[in-house]
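Asker: Can you read through this structure? Questions will come right after.
The values are calculated or read from the model by the stated rules, or taken from the named source; none is laboratory data. Predicted model, so just to flag it, every value in this text is computed and none were measured. Positions of Cβ are generated from backbone atoms using ideal geometry, with glycine treated the same way; all protein chains shown enter the neighbour counts. Surface accessibility is based on the protein's heavy atoms, side chains included, excluding ligands, DNA and RNA. Shrake-Rupley method; radii C 1.70, N 1.55, O 1.52, S 1.80 Å.
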Amino acid sequence: MAAQAPTGELGQLSVEDAGSKPTPDAAGNGNLNHDSDDSEDDAEGAGAPAAGDAAKKKKKRKPRKKKKNPTQQSDPPRVLITQLFPDKKYPTGEEVEYVNENRYRTTSEEKRHLDNLNSDFLTDYRHAAEAHRQTRQWAQKNVKPGQTLTEIANGIEDSVRALVGHQGLEEGDALIAGMGFPTGLSINHCAAHYTPNTGNKMVLQQDDVMKIDIGVHVNGKIVDSAFTMAFNPRYDPLLEAVKAATNAGIKEAGIDARVGEIGGIIQEVMESYEVEINGTTYPVKPIRNLNGHNILPYSIHGTKSVPIVKSNDTTKMEEGDVFAIETFGSTGNGYVHEEGEVSHYAKRTDAPKVDLRLSSAKSLLSVINKTFGTLPWCRRYLDRVGQDKYLLGLNNLVANGIVESYPPLVDKKGSYTAQFEHTILIRPTVKEVISRGDDY
């Protein structure tokens with residue numbers, strides 16, 4: 001999910017069997033009927049058969065076959081990740097060794113010990129990352145022109161919730177695992193923060209360029225990764241430029257790396273590309289007021305940013321940080337502004353305590369706290385948990401600074417934008433691109 005650069009910082013930039021039921025046996029399987037009255041009558045009979053003849057032989061019960069865990073994912077994805085990996089040994093992301101003065105970390109016993117202390121942290125992140133990979137790879141095969149954005153968003157989100165086993169309909173369930181933020185489906189000149197609200201009828205077209213930004217979390221550990229889909233090969237150079245720029249940023253990231261210098265590398269790579277559309281050649285420009293960002297538990301935008309153009313920001317990446325390295329390229333101005341109907345919201349982590357006078361705002365805030373906490377959400381999610389007539393209360397929460405709204409971010413009309421993004425863990429021993437897959 002994109003982080004927008006503060007306006008004041010732009011001047012520094014150079015151009016961003018479950019229940020245990022008793023097993024039926026000889027005493028309770030219905031096959032033996034020991035009736036006391038009958039036994040007395042039988043004892044009086046002179047020619048009564050031997051007692052052993054009266055007993056019925058026990059029937060041998062075939063042992064129930066244990067259900068085997070499925071070994072492959074369904075289509076659409078509905079098999080729990082924990083069933084596919086019952087030992088909880090989820091796939092590791094791409095591990096990259098540190099270089100230069102940090103090279104020692106790879107073999108350092110002390111750093112390995114620190115890594116081992118983070119086993120739960122890594123398990124949750126790898127769980128979320130595998131759910132992300134399986135969901136997005138399904139989307140890449142199944143999203144087609146002619147589908148509505150609502151169909152696409154629901155397909156992705158239904159898959160994520162099924163894979164992590166939390167539908168998010170009961171109080172607190174979405175806080176255990178599920179969507180890390182609303183699925184972004186931003187088309188053409190819209191670069192970020194667009195997802196359909198209820199009733200949206202927009203249809204994906206053959207010539208559209210769509211950014212698909214998906215967030216998955218397990219216990220608040222958010223994997224933020226995005227890719228771009230285009231169905232006309234003329235846009236391939238645009239997508240290649242942004243993918244290459246993102247990978248360049250990932251390569252430069254690591255302990256002690258300065259974010260301003262990473263931005264310069266990203267800018268250099270992206271600006272080396274151009275794309276021809278309808279006979280006109282366009283340079284690919286980094287969108288300079290969109291940034292990567294660090295990720296904190298239950299908070300998609302932390303306190304650090306990673307620009308995608310060169311800047312004087314000397315902030316260093318540190319051991320233990322989690323970053324979303326994302327880049328955006330455009331054939332337009334390379335600068336976005338807010339425009340359009342808002343769909344994305346989140347409760348601020350520093351939300352002030354306000355004496356709310358509007359009853360609808362109070363009740364909605366209670367729902368937000370119990371359902372989403374500080375995780376981002378959209379209006380469809382409120383509809384999904386049974387909320388209605390909430391817009392007045394929602395606007396009041398925004399006005400009081402309790403909830404942040406995230407309008408769509410757009411470049412000039414007629415331009416095309418692309419996005420690629422990965423989440424990286426700055427571990428004590430290695431850098432792990434946790435969301436890396438065979439697709440990108």
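Asker: How many residues, within region 269-294, are open to solvent by less than 10 Å² (accessible area, probe 1.4 Å) and part of a loop (DSSP other than H, G, I, E, B)?
Answerer: Number satisfying all stated conditions: 3.
Asker: Just to verify a result, which residue in region 175-201, among those that are of a type in the set (Val, Ile, Thr) and open to solvent by 10 Å² or more (accessible area, probe 1.4 Å), is nearest to Gln419 (Cα to Cα)?
Answerer: If we take residues in region 175-201 being of a type in the set (Val, Ile, Thr) and open to solvent by 10 Å² or more (accessible area, probe 1.4 Å), then Ile187 is nearest to Gln419 (Cα to Cα).
Asker: Going through region 94-118 one residue at a time, which ones are more than 20 Å from the chain's Cα centre (by Cα) and closer than 21 Å to Gly180 by Cβ?
Answerer: Hit for region 94-118 is Asn118, nothing else.
Asker: Scan Ile255, Ile262, Ile266 and give me the residue that is part of a loop (DSSP other than H, G, I, E, B), in contact with a strand residue (DSSP E or B) (Cβ under 9 Å, 6 or more places away or on another chain) and modelled with pLDDT of 95 or more.
Answerer: Ile255
Asker: Can I ask one more? Could you run through region 227-252 and say how many residues are part of a helix (DSSP H, G or I) and out of contact with any helix residue (DSSP H, G or I) (no Cβ under 6 Å at 6 or more places or on another chain)?
Answerer: 14
Asker: Does Thr183 fit the bill of being within 20 Å of Leu382 (Cα to Cα), of a type outside the set (Asp, Glu) and assigned to a loop (DSSP other than H, G, I, E, B)?
Answerer: no
Asker: Next question. Restricting attention to region 315-333, which residues are farther than 20 Å from Lys285 by Cα and hydroxyl-bearing (Ser, Thr, Tyr)?
Answerer: Answer for region 315-333, where residues must be farther than 20 Å from Lys285 by Cα and hydroxyl-bearing (Ser, Thr, Tyr): just Thr315.
Asker: Would you point out the residue of region 135-156, among those that are open to solvent by less than 30 Å² (accessible area, probe 1.4 Å) and part of a helix (DSSP H, G or I), that is nearest to Cys378 (Cα to Cα)?
Answerer: Ranking the qualifying residues of region 135-156, first place goes to Ala153.
Asker: Let me ask something additional. Do we find that Lys413 is more than 26 Å from the chain's Cα centre (by Cα) and at pLDDT 95 or above in this structure?
Answerer: So Lys413 passes the test.
Asker: (1) farther than 18 Å from Lys221 by Cβ; (2) polar (S, T, N, Q); (3) open to solvent by 60 Å² or more (accessible area, probe 1.4 Å): which one isn't true of Thr303, the others all being true?
Answerer: (1)
Asker: Also, quick follow-up: I'd like the full set of residues that are open to solvent by 100 Å² or more (accessible area, probe 1.4 Å) and in contact with a Ser or Thr (Cβ under 9 Å, 6 or more places away or on another chain), limited to region 65-110.
Answerer: Arg78, Lys88, Lys89, Glu97
Asker: Is there any pair with a first residue in region 223-235 that is over 25 Å from Pro182 (Cβ atoms) and a second that is open to solvent by less than 40 Å² (accessible area, probe 1.4 Å) whose Cβ atoms are under 9 Å apart and which are 6 or more apart or on different chains, and what are they?
Answerer: Asn232/Asp208; Asn232/Val209; Arg234/Val275; Arg234/Ile277
Asker: Continuing with this model, one more query. Need pairs with beta-carbon distance below 7 Å; first residue under 12 Å from Gln4 (Cβ atoms) and within region 388-409, second open to solvent by 50 Å² or more (accessible area, probe 1.4 Å) and among the small types (Gly, Ala, Ser); sequence gap 6+ or separate chains.
Answerer: Listed by first residue and then by second, the contacts come to Pro407/Gly340; Pro408/Gly340.
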